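I have placed the structure first, in the form of structure tokens, so that the comments after it can refer back to it.
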Amino acid sequence: MKNIVVLVSGGGTNLQALIDAQNRGEIKNGKITCVISSNPEAYAIERAAKADIPSVVIARKEYPDSVSYSRAILEELNRQKADLVILAGFMTILDKCVTEAYAYRIINVHPALIPSFCGEGFYGLRVHEKALEYGVKVSGATIHFVNEEADAGAIILQGTVDVENDDTPETLQRRIMENVEWKLLPKAASLFCEGRISIVDGKAYIDRSKSE
């Protein structure tokens, strides 16, 4: 059974999706063993408590720069014996000391179809605002491995939704969360824990020979 550590900063809706999927038995060979929050006020901490999952607060504001903060995160991940790290609304870009130590063991969800509308500064509603400004007809979310460059790691899964004529950034965000993020993030976690993701030439491939 692999140890899954989830990093959060806010409300924790993606954390809740992971918890719900775990309770339904959908995350195979893995278990959420700890939640780490960069924000002591994050509601995600309460979600973890309700699910009897231990949480640790490592407040970003208590560290002078991203390197020192990342080192503190790395120490805690090692302490927790993390096999898989999931960024679920974690609002700090981790230094390479973490991404190198946990290469191809950190996954993130981005609320767009990478390589569109991604990279530094593209998070939250801004992603959906830009998608609507561009006039895309479909959007979605991408589950990807994390490396030292924002939103540039190997893509694991992607899913789409149609963009409606009357969409606002808020309605598009909600549709993508409900129909893509909350489904694919637990699925990617399970695929990892089952050992069904392989990396070839920097790209992620899924072993589909086993039943879903």
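The values are calculated or read from the model by the stated rules, or taken from the named source; none is laboratory data. Computed from a predicted structure; not experimentally measured. Cβ atoms come from the backbone with ideal geometry, glycine included; neighbour counts cover every protein chain shown. Heads up: the accessible areas ignore ligands, DNA and RNA and are worked out on the full protein's heavy atoms, side chains in. Shrake-Rupley method; radii C 1.70, N 1.55, O 1.52, S 1.80 Å.
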Report summary line: The rounded separation in angstrom of the Cα centers of the range 106-134 and the range 171-212 is 18
Query - Mean separation of Cα contacts under 8 Å (6+ apart) over length of the chain, as relative contact order % - result: 21
**Report entry** Hits among lysines - C-alpha to C-alpha of Lys31 under 22 Å, sequence gap 8 or more where chains match
**Finding:** Lys2, Lys50, Lys81, Lys183, Lys187, Lys210
Query raised in the report: If you line up the Cα atoms of the range 55-114 on their principal axes, what length do they span on each, largest first, in Å?
Result: 33, 24, 23
Query raised in the report: Rounded, prolate or oblate: which fits the range 88-212, taking a ≥ b ≥ c as square roots of the Cα gyration tensor eigenvalues, rounded meaning a/c under 1.5, else prolate when a/b beats b/c?
Result: oblate
Report task. Only Lys, Arg, Asp and Glu count, each charged at its Cβ (+1, +1, -1, -1), so figure out the dipole size of the range 27-139 about its Cα centre, rounded to 20 debye. Result -> 360
Query - Burial ranking of peptide ranges 118-130, 1-13 (average Cβ count within 10 Å, highest at the top) - result: 1-13, 118-130
Query raised in the report: According to the square roots a ≥ b ≥ c of the eigenvalues of the Cα gyration tensor, what is the shape class of the range 151-210, taking rounded for a/c under 1.5, prolate for a/b larger than b/c otherwise, and oblate for the remainder?
Result: prolate
Requested in this report: Find out how many positive minus negative residues lie around Asn3, taking Lys and Arg as positive, Asp and Glu as negative, among other residues whose Cβ is under 15 Å from that of Asn3.
Outcome: +3
Report summary line: Yeah, the range 34-156 with a ≥ b ≥ c from its alpha-carbon gyration tensor (a/c under 1.5 is rounded, else prolate when a/b outruns b/c, oblate otherwise) is prolate
Query - the range 136-193: GluC sites (Glu not before Pro) falling in loop per DSSP and having at most 13 other Cβ within 10 Å - result: Glu149, Glu164
Query raised in the report: Using the Cα atoms as the points, what is the convex hull volume per residue of the range 1-75 in Å³?
Result: 83
Query - Sulfur and carbon atoms: percent of accessible area, the chain [1.4 Å] - result: 47
**Report entry** Accessible area expressed per residue, the chain, with surrounding protein chains retained (probe 1.4 Å, Å²)
**Finding:** 50
Requested in this report: Could you size up the charge dipole of the range 1-82 around its Cα centre, putting +1 on the beta carbon of Lys and Arg and -1 on that of Asp and Glu, and report it in debye to the nearest 20?
Outcome: 280
Query raised in the report: Percent relative contact order of the range 123-176, based on C-alpha pairs within less than 8 angstrom and at least six residues apart?
Result: 41
Report summary line: Scalar couplings 3J(HN,Hα) for the range 149-165 by Karplus 6.51 cos²θ - 1.76 cosθ + 1.60 (θ = phi - 60°), nearest whole Hz, x for Gly and Pro, are 9, 4, 6, 10, x, 4, 7, 9, 9, 9, x, 10, 9, 6, 8, 8, 4
Report task. Find how many whole Å separate the alpha carbon centroid of the range 2-33 from the alpha carbon centroid of the range 66-100. Result -> 17
Query raised in the report: Given Cα pairs under 8 Å that are at least 6 residues apart, what percent is the relative contact order of the range 8-75?
Result: 33
Report task. Determine the calculated [θ] at 222 nm for the chain from helices alone, applying -39500 (n - 2.57) to every DSSP H run no shorter than 4 residues and normalising by the residue count; nearest 500 deg cm²/dmol. Result -> -9500 deg cm²/dmol
Query raised in the report: Residue by residue, what Karplus-based ³J(HN,Hα) values in Hz, rounded to whole numbers, does the range 26-34 have, using 6.51, -1.76 and 1.60 with θ = phi - 60° and x for Gly and Pro?
Result: 8, 9, 8, 6, x, 8, 6, 9, 6
**Report entry** Under-5 Å amide H pairs with Leu7, H placed in peptide plane, nonlocal only
**Finding:** Ile36, Ile86, Leu87, Ala88
